[in-house]
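S.K.: First, the structure itself, so that you have it in front of you.
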Amino acid sequence: MIALKPLPKTELLIPIRERPLCPSSLAVDSRKVEKGGIFVAIPGTNHDGATFIEEALKRGAAGIVVAQGIGKKIASQFKDQYPHVSFFETPNARKAASLLASHFYPLQPETVVAVTGTNGKTSVVSFMRQLWHHLGKSAASLGTLGLVVEGKPFPSPTGTEGINTPPAVTLHQILQTLKKEGIKNLAFEASSHALDQNRLDAVHLRAAVFTNFSSDHLDYHQTMDTYFAAKARLFEEVLDQTAAAVLNTDIPEYEKLLKLCKKRDLRLLTFGKEGNLLRPISITPTDEGQNVVLECQGKSYTLFLPFVGQFQIYNIMAAASAVIACGADIPSTLEACLHLKGVPGRLERVAPGIYVDYAHTPDGLLSSLKALRPHTKGKLWVVFGCGGNRDKSKRPIMGQIAAEFADRTIVTDDNPRYENPAEIRKEILAKCPNAQELGAREEAIQYVLDKMEPGDIVLIAGKGHEPYQIIEDQHLPFDDGDEVRKWINR
């Protein structure tokens, strides 16, 4: 039960018609408004929350927050029918929603870390959760795989499945629930959408991690500059000034990130070839994984890590650096790395020579193919497609990567959504004309598995852990790993 208290005094909430108000709940979805609650009408890209104000009032809303410039009009429109309702304007409805969410759900775990970047977020938050657990600390991770609490069953809240970063109200509800359940450490994925939409602005972070940066989500951000700016907000505006910034020195964007972090005088911990905390001295592929020598503060640590791909070593360094940034002992953290397990659908070995990976960006596909090449004695196959109603610019780029770095390519359907699947495949095939085209994903997977020979390696990319395929608005059951297992059983 939320204790009723007045709304916080803030420049984000400008009273237009104020009545005595101690709201009992918060909603940004008019269908979830409760009697005595407050409704924030967010101007969205597809729907304007202002069009649902009347529904919120009919459901018993005691307070309404609208975008700046329309407050007087809205208050006047409903003044006679709803004389006891308070109306507020805000210059930033999404930021106001985040502030109000933290007001209604003020509790948060002691240590919260946000991880951003184009690729690797899911692996890093999972590795952080596991590391904390091996160090004897209660821990959780939140992101594409849902809410995972180490060592105990913990169902993900409804509506968070497949979402990197939940909406602000849901996020703060999760933070409060974790705190009440005694979970002291949380690592979560911070998507560019969430950062751009101010969902994280009221979360108290002890550290933030930047993994890497490459083309993605240009359907939303339009340009690479605005895409980068959205992610950089985590360090430029969101991160507490007393917190740590964990950066990868081996990405082209490092200098830009370093400059803005120094401008805010953030505590810097870096990993990579020029890292001030963790530096990879050598990474040697083996049949079962990789032998890694890391240098940390003048000492060398030799680790065998059962993961394929140099990028996974960087994900592990990112996770270890963040855990150390939050106070963990260095030798114990690096020893705990020996116990790490892979993340479902992230270059997951589902059978000898057969891997399923979530790689759905050019950089992700390139990294996975490069990771598998040293382990390939025969031909390297790749099966992939691209999602519909998403960034179209990456389709020919991914086609070209497949043509250059795989020996055999099968172009198939991913999640076509409302686009014509044949047109999506055509855009990919423009840069890999020698590839084979098999639209039905099940058929494509079975075909390549039938054709693979001893020494070959197959990468099935794009969907990873997803147990469905999205066609128009339907989520039809489909799992790449299950298709492999069916083939094996057959």
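S.K.: Do you know which residues across the stretch 407-416 are touching an Asp or Glu at 6+ places or on another chain (Cβ under 9 Å) and either assigned to a helix (DSSP H, G or I) or buried (at least 17 other Cβ atoms within 10 Å of the Cβ) (or both)?
M.R.: Of everything in the stretch 407-416, those that are touching an Asp or Glu at 6+ places or on another chain (Cβ under 9 Å) and either assigned to a helix (DSSP H, G or I) or buried (at least 17 other Cβ atoms within 10 Å of the Cβ) (or both) turn out to be Arg408, Ile410, Val411, Thr412, Asn415, Pro416.
S.K.: Further, regarding this structure: Report every pair of residues separated by at least 6 positions or lying on different chains whose Cβ atoms are under 7 Å apart, first residue within the stretch 409-430 and touching a residue at least 24 places away in the same chain (Cβ under 8 Å), second crowded, with 18+ Cβ neighbours inside 10 Å and charged (D, E, K, R).
M.R.: Val411/Arg425; Thr412/Arg441; Asp413/Arg441; Asp414/Lys463; Pro421/Asp413; Ile424/Arg395; Glu427/Arg395; Ile428/Arg395
S.K.: Is there a residue in the stretch 276-292 that is acidic (Asp, Glu) and within 22 Å of the chain's Cα centre (by Cα)?
M.R.: Scanning the stretch 276-292, I find no residue that is acidic (Asp, Glu) and within 22 Å of the chain's Cα centre (by Cα), so the answer is no.
S.K.: Now, a different point. Exactly one condition in (1) outside any loop (DSSP other than H, G, I, E, B); (2) free of Cβ contacts under 8 Å to residues at least 60 places away in the same chain is not met by Gly439; state its number.
M.R.: (1)
S.K.: Same structure again: Kindly provide the set of residues from the stretch 417-432 that are assigned to a loop (DSSP other than H, G, I, E, B) and either closer than 16 Å to Ser368 by Cα or in contact with a helix residue (DSSP H, G or I) (Cβ under 8 Å, 6 or more places away or on another chain) (or both), ordered by number.
M.R.: Those that are assigned to a loop (DSSP other than H, G, I, E, B) and either closer than 16 Å to Ser368 by Cα or in contact with a helix residue (DSSP H, G or I) (Cβ under 8 Å, 6 or more places away or on another chain) (or both): Ala430, Lys431, Cys432.
S.K.: Filter the stretch 14-33 down to the residues that are more than 19 Å from Pro83 (Cβ to Cβ) and under 30 Å from the mean Cα position of the chain (by Cα) and list them by number.
M.R.: Of everything in the stretch 14-33, those that are more than 19 Å from Pro83 (Cβ to Cβ) and under 30 Å from the mean Cα position of the chain (by Cα) turn out to be Ser25, Leu26, Ala27, Val28, Asp29, Ser30, Arg31, Lys32.
S.K.: Considering each of Val40, Val65 in turn, give the residue that is modelled with pLDDT of 95 or more and either under 30 Å from Asn389 (Cα atoms) or out of contact with any Ser or Thr (no Cβ under 8 Å at 6 or more places or on another chain) (or both).
M.R.: Selected residue: Val40, the only one of Val40, Val65 that is modelled with pLDDT of 95 or more and either under 30 Å from Asn389 (Cα atoms) or out of contact with any Ser or Thr (no Cβ under 8 Å at 6 or more places or on another chain) (or both).
S.K.: Out of curiosity, is Leu131 in a strand (DSSP E or B), within 20 Å of the chain's Cα centre (by Cα) and assigned by TED's automatic domain parsing to the domain that holds Ala318?
M.R.: No.
S.K.: Continuing with the same structure: Hey, does the stretch 356-372 have a residue that's charged (D, E, K, R) and surrounded by 24 or more Cβ atoms within 10 Å (Cβ to Cβ)? Walk me through how you get there before you give the answer.
M.R.: Within the stretch 356-372, the subset charged (D, E, K, R) is 357, 363, 370.
The next check asks that each one be surrounded by 24 or more Cβ atoms within 10 Å (Cβ to Cβ); those that pass are 357.
Yes - at least one qualifying residue is present in the stretch 356-372.
S.K.: For residues that are of a type in the set (Asp, Glu) and in contact with a Leu (Cβ under 8 Å, 6 or more places away or on another chain), tally how many sit in the stretch 360-409. Even if it seems obvious, please write down each step before you answer.
M.R.: Just the residues of the stretch 360-409 that are of a type in the set (Asp, Glu), to begin with: 363, 391, 404, 407.
Checking which are in contact with a Leu (Cβ under 8 Å, 6 or more places away or on another chain) leaves us with 391, 407.
Result for the stretch 360-409: 2.
S.K.: A further question follows. So, in the stretch 370-406, of the ones that are part of a helix (DSSP H, G or I) and small (Gly, Ala, Ser), which residue ends up farthest from Cys432 (Cα to Cα)?
M.R.: Checked the stretch 370-406; the qualifying residue farthest from Cys432 (Cα to Cα) is Ala371.
S.K.: Residues that are over 30 Å from Gly378 (Cα atoms), without any contact (Cβ under 8 Å) to a residue 60 or more places away in the chain and assigned by TED's automatic domain parsing to the domain that holds Ile283, at least 1 per element: which strands (runs of 3 or more DSSP E) completely within the stretch 297-360 meet that?
M.R.: 299-305
The values are calculated or read from the model by the stated rules, or taken from the named source; none is laboratory data. Bear in mind that the values here come from a model prediction, so they are computed numbers and not experimental data. Glycine gets a Cβ as well: all are built from the backbone with ideal geometry, and neighbour counts include every protein chain shown.
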